[in-house]
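**Student:** The structure's right below; bear with me while I get my questions together.
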Amino acid sequence: MSEECTHDCSTCAANCASREEGKQSKESFRQECNPSSNVKKVIAVVSGKGGVGKSMVTSLLAAAMRRRGKAVAIMDADITGPSIPKAFGVSERAAGIEEGIIPASTRTGISVMSMNLLLDDPTDPVVWRGPIIGGVVQQFWKEVYWGDVDYMFVDMPPGTGDVPLTVFQSLPVNGIVIVTSPQELVSLVVEKALKMAELMEIPVLGIVENMSYFECPDCGKKHFIYGRSRLEELAGSHHISVTARLPIDASIARASDAGDIEAVETNMLDEILTAIENA
Ligand code: ADP
């Protein structure tokens, strides 16, 4: 127990005696989702640092799951750096009805809720402290009229701070997909995200190494620009059997910039999708 312990386990991830004695089980922080909604599985997409392609992988997973004929939603919990609406070309403001806030719908019918759909100007910064941001994420869960959803993907803010903790404690997260990059694997920052998942007792369904290599469009040779990958080593040491590698691909970045991420089809995430279906 640290000296600063407030005995409020909802604001702390430490696995200390106070948590045990208080008998504050995980369930005690759970929030019910909107009564008109039925979300069957919640999958959190996390990363150790920003800029590794977490939102990109969230978008590709959601689009691919939709192609498998499932009802899919994305909650953009990256409140201060929301990038989901842009990748899907969604710019309409979210509307409200009696049952709650109506999420936006993408071209293929994925429901999306993001801070950017609530701002007057999507370039306005969100200058709020952690607890307020955590409250917004809870509101996205409780007050958005999600309807019937087979898989909700939560694009988490990077790191292991306040907001990821709020999501893990308030939402019934079935599994986590970790997104990392070769550099992040070397720096070991991603291990913090992995260990947080273990601490929260949420299964890690797979690890995606994004920007893993570059495939020459002329000769087809794969160039591992950042050197030998540590992906299998890390996955092995945490007993994670499902991994995927995505190349540096300018066409994916262009599709995302153009709001056309649903047009990108790749089979490289198939094993991760199957792990999500079996979660
Ligand atoms: P994060 O959510 O981790 O902050 P993003 O998904 O927003 O990262 O990606 C950061 C930037 O990198 C974006 O401009 C995105 O288009 C680009 N990007 C991500 N993955 C790839 C990739 N595999 N190939 C090329 N560009 C990529």
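**Student:** Within the bounds of the stretch 145-155, is there any residue that is at pLDDT 95 or above, of a type in the set (Ser, Thr, Tyr), within 16 Å of the ligand (Cβ to nearest atom) and under 20 Å from Ala62 (Cα atoms)?
**Tutor:** Scanning the stretch 145-155, I find no residue that is at pLDDT 95 or above, of a type in the set (Ser, Thr, Tyr), within 16 Å of the ligand (Cβ to nearest atom) and under 20 Å from Ala62 (Cα atoms), so the answer is no.
**Student:** Among the numbered conditions (1) surrounded by 15 or more Cβ atoms within 10 Å (Cβ to Cβ); (2) at pLDDT 95 or above, tell me where Val189 comes up short.
**Tutor:** (2)
**Student:** On to the next question. Please work out which residue is nearest to Gly161 (Cα to Cα), limiting yourself to the stretch 44-74 and to residues that are within 15 Å of the ligand (Cβ to nearest atom) and among the charged types (D, E, K, R).
**Tutor:** In this case the residue turns out to be Lys49.
**Student:** Can you work out which of the residues in the stretch 132-161 that are touching a residue at least 60 places away in the same chain (Cβ under 8 Å) and open to solvent by 60 Å² or more (accessible area, probe 1.4 Å) is nearest to the chain's Cα centre (by Cα)?
**Tutor:** So the first thing to find is which residues in the stretch 132-161 are touching a residue at least 60 places away in the same chain (Cβ under 8 Å), and the list is 137-138, 140-160.
If we keep only those that are open to solvent by 60 Å² or more (accessible area, probe 1.4 Å) too, we end up with 142-143, 145, 148, 160.
Working: Lys142: 18, Glu143: 19, Tyr145: 20, Asp148: 20, Thr160: 12 Å.
So, considering only residues that are touching a residue at least 60 places away in the same chain (Cβ under 8 Å) and open to solvent by 60 Å² or more (accessible area, probe 1.4 Å), the one nearest to the chain's Cα centre (by Cα) is Thr160.
**Student:** Going through the stretch 249-272 one residue at a time, which ones are within 11 Å of the ligand (Cβ to nearest atom), within 13 Å of Asn210 (Cβ to Cβ), crowded, with 18+ Cβ neighbours inside 10 Å and hydrophobic (A, V, I, L, M, F, W, C)?
**Tutor:** Ile252
**Student:** Would a scan of the stretch 208-223 turn up a residue that is under 20 Å from Val52 (Cβ atoms), outside any loop (DSSP other than H, G, I, E, B), small (Gly, Ala, Ser) and open to solvent by less than 70 Å² (accessible area, probe 1.4 Å)? Give the steps one after another, and end with the answer.
**Tutor:** So the first thing to find is which residues in the stretch 208-223 are under 20 Å from Val52 (Cβ atoms), and the list is 208-215, 222-223.
Those still in the list that are outside any loop (DSSP other than H, G, I, E, B) too: 208-209, 214-215, 222-223.
Among the residues that remain, those that are also small (Gly, Ala, Ser) are: none.
Within the stretch 208-223, none of the residues are under 20 Å from Val52 (Cβ atoms), outside any loop (DSSP other than H, G, I, E, B), small (Gly, Ala, Ser) and open to solvent by less than 70 Å² (accessible area, probe 1.4 Å).
**Student:** Counting just the residues of the stretch 253-279 that are of a type in the set (A, V, I, L, M) and closer than 21 Å to Gly206 by Cα, which one comes out modelled with the lowest pLDDT? Break it down stepwise before answering.
**Tutor:** Just the residues of the stretch 253-279 that are of a type in the set (A, V, I, L, M), to begin with: 253, 255, 258, 261, 263-264, 268-269, 272-273, 275-276, 279.
Right, trim to closer than 21 Å to Gly206 by Cα and you get 264, 268-269, 272-273, 275-276, 279.
Numbers: Val264: 96, Met268: 96, Leu269: 98, Ile272: 98, Leu273: 98, Ala275: 97, Ile276: 98, Ala279: 92.
Per the criteria, the residue is Ala279.
**Student:** Show me the strands (runs of 3 or more DSSP E) found entirely inside the stretch 31-125 where at least 1 residues are open to solvent by 10 Å² or more (accessible area, probe 1.4 Å) and not hydroxyl-bearing (Ser, Thr, Tyr). Even if it seems obvious, please write down each step before you answer.
**Tutor:** Numbers: elements: 38-46, 72-76, 95-97, 100-102, 111-113.
The qualifying strands (runs of 3 or more DSSP E) are 38-46, 95-97, 100-102.
**Student:** Out of all the residues in the stretch 172-183, which are outside any strand (DSSP E or B) and crowded, with 24+ Cβ neighbours inside 10 Å? Before you say what the answer is, go through the steps one by one.
**Tutor:** First, the residues of the stretch 172-183 that are outside any strand (DSSP E or B): 172, 181-183.
Hit for the stretch 172-183 is Ser181, nothing else.
**Student:** When the residues of the stretch 196-248 are filtered to those that are within 14 Å of the ligand (Cβ to nearest atom) and touching a residue at least 60 places away in the same chain (Cβ under 8 Å), which remaining residue is nearest to Thr166 (Cα to Cα)?
**Tutor:** In this case the residue turns out to be Val208.
The values are calculated or read from the model by the stated rules, or taken from the named source; none is laboratory data. Owing to the predicted nature of the structure, the values given are computational and were not obtained by experimental measurement. Positions of Cβ are backbone-derived with ideal geometry, glycine not excepted, and every protein chain shown enters the neighbour counts. Ligands, DNA and RNA are excluded from the accessible area calculation, which covers all protein heavy atoms including side chains. Shrake-Rupley method; radii C 1.70, N 1.55, O 1.52, S 1.80 Å.
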